[in-house]
Amino acid sequence: MPQIMFINGPNANLYGLDPAGTYGLQSFPQIEAACRAKATELGMALDFHQSNHEGVIIDWIQQARQSHDGLLINAAGLTYTSIAILDALLAFPGPILECHMSNIWKREPFRHHSFISKAATGVIAGLGTDGYLLALTAMKQLVDQKAG
Ligand code: DHK
């Protein structure tokens, strides 16, 4: 069974807590549950993580090199600042999907340049939780192609 890691960055744990906010009404635990259900349906083992700390995220990416077939990452605010996360991702041999709940290109200019896209196989943005589920479906195809 493919082993997949989904890493969520700073403040993702606050999703759904602001009814007027950008990230919809689903709480982070609800988003995690939806991703776990989708991974099970697709026949993939999912490790789902969230941290507010850059070094913790880098440690997870490095660990995944030994054990995981694919990575999904929403680095949140670190997307626009972290060359260290980019370097960790560049050392990961499998497919990487960069995910964002919101359409980052419709937002402030400082969100328009992702440092981590250089390491990403693909990017999904602007579709909320549905985008995460689509990314999991795309990841299944990518790991199947690599294994086949
Ligand atoms: C999430 C965040 O927390 C922001 O810092 C990013 C991203 C966008 C998202 O859309 O999921 O700018």
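The values are calculated or read from the model by the stated rules, or taken from the named source; none is laboratory data. All figures in this text were calculated on a predicted structure; none of them were measured in a lab. FYI the Cβ positions are ideal-geometry reconstructions off the backbone, even for glycines, and counts take in every protein chain you see.
Just checking, which of 126, 55, 122, 148 is surrounded by fewer than 18 Cβ atoms within 10 Å (Cβ to Cβ) and at pLDDT below 95?
Details: 126 fails: at pLDDT below 95; 55 fails: at pLDDT below 95; 122 fails: at pLDDT below 95.
Answer to the selection: 148.
Go through the stretch 24-41 and report how many residues are surrounded by 19 or more Cβ atoms within 10 Å (Cβ to Cβ) and touching a residue at least 40 places away in the same chain (Cβ under 8 Å).
Of all residues in the stretch 24-41, those surrounded by 19 or more Cβ atoms within 10 Å (Cβ to Cβ) come to 31-32, 35, 38-39.
Subset that is touching a residue at least 40 places away in the same chain (Cβ under 8 Å): 31, 35, 38-39.
Number of matching residues: 4.
Taking into account only those residues within the stretch 1-38 that are within 13 Å of the ligand (Cβ to nearest atom) and part of a helix (DSSP H, G or I), which is nearest to residue 138 (Cα to Cα)? If you could, list the steps in order and put the result at the bottom.
We begin by selecting, within the stretch 1-38, every residue within 13 Å of the ligand (Cβ to nearest atom); these are 6-18, 21-24, 26, 28, 31.
This time we only want the ones that are part of a helix (DSSP H, G or I), so: 12-14, 28, 31.
Numbers: 12: 22, 13: 24, 14: 26, 28: 21, 31: 18 Å.
The residue in question is 31.
Does residue 85 fit the bill of being without any contact (Cβ under 8 Å) to a residue 60 or more places away in the chain, surrounded by 14 or more Cβ atoms within 10 Å (Cβ to Cβ) and among the hydrophobic types (A, V, I, L, M, F, W, C)? Explain how you work it out, then say what you get.
On the way: without any contact (Cβ under 8 Å) to a residue 60 or more places away in the chain: yes; surrounded by 14 or more Cβ atoms within 10 Å (Cβ to Cβ): yes; among the hydrophobic types (A, V, I, L, M, F, W, C): yes.
When the stated conditions are applied, residue 85 passes them.
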